[in-house]
Structures are given as structure tokens and as C-alpha cells.
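Peer 1: Structure in C-alpha cells, see below.
The values are calculated or read from the model by the stated rules, or taken from the named source; none is laboratory data. Given the structure is predicted, the values throughout are model-derived calculations rather than measurements. Ligands, DNA and RNA are stripped out before the accessible areas are found, and what is left, the full protein with its side chains, is counted by its heavy atoms. Shrake-Rupley method; radii C 1.70, N 1.55, O 1.52, S 1.80 Å.
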Amino acid sequence: MKKREQLEQLQILTADVYKEAILEMRETGDYNAAILNGSRQFLKDNAIISVTEQGSPLGNLAEVLPFEASDDDKEAMRQSNG
């Protein structure tokens, strides 16, 4: 397996782990700030500022985060998309 493929696989696994942890937190109502912050940083590090590809591992992670974007953030996302 090439190095790029290994890094892509690691990225997918990381997104899946964050997603599952957040879904579990949502079920229990017991949120872990470190996991939420880590997932937020993971998205930021991967330049995910608005999700246009539903169903991707990063898109799925972004969908389960329990944060509400401000109106200013939503407007900035709309403008950056097009």
C-alpha cells in the first residue's frame, strides 16, 4: 500500500472513530470536551468549513457535531460555495 493510501485510510478511520464517539455521547448526553474539540480541530485541519459532499467520512462527522453555526458563519459558508 502506498504512503498516500495509508494516510487516506488513517484519515477515514480517525473520522469514523470521532463520529462513533460523538454519536455515543449524543445517546448518553454525557459530552467529552476533548473529543469534541479534537473532532473540531480534525475538521479544521482538513479544511472542512462547509460540507458539500454528504456521505463522506468527514461529512458524516460534521453532521453529528452538536454545534450550531452562527448566522454570520452560515452566510460565509454560502458565499464560499458559490
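Every residue, every condition in (1) at pLDDT below 95; (2) part of a helix (DSSP H, G or I); (3) open to solvent by 90 Å² or more (accessible area, probe 1.4 Å); (4) among the aromatic types (Phe, Trp, Tyr), yes or no:
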position: Lys44; (1), (2), (3), (4): yes, yes, yes, no
position: Ala47; (1), (2), (3), (4): yes, no, no, no
position: Gly59; (1), (2), (3), (4): yes, yes, no, no
position: Pro66; (1), (2), (3), (4): yes, no, no, no
position: Gln79; (1), (2), (3), (4): yes, yes, yes, no
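Peer 1: Scan the stretch 1-21 residue by residue and report those that are in a helix (DSSP H, G or I), open to solvent by 70 Å² or more (accessible area, probe 1.4 Å) and of a type outside the set (Asp, Glu). Explain how you work it out, then say what you get.
Peer 2: Within the stretch 1-21, the first condition is being in a helix (DSSP H, G or I), and the residues that meet it are 3-21.
Then keep just the ones that are open to solvent by 70 Å² or more (accessible area, probe 1.4 Å); that gives 3-10, 13, 17, 20.
Once the filter is applied, which keeps residues that are in a helix (DSSP H, G or I), open to solvent by 70 Å² or more (accessible area, probe 1.4 Å) and of a type outside the set (Asp, Glu), the stretch 1-21 yields Lys3, Arg4, Gln6, Leu7, Gln9, Leu10, Leu13, Val17.
Peer 1: Considering only the stretch 22-42, how many residues are open to solvent by less than 90 Å² (accessible area, probe 1.4 Å) and not in a loop (DSSP other than H, G, I, E, B)?
Peer 2: Residues flagged as open to solvent by less than 90 Å² (accessible area, probe 1.4 Å) and not in a loop (DSSP other than H, G, I, E, B) within the stretch 22-42 amount to 12.
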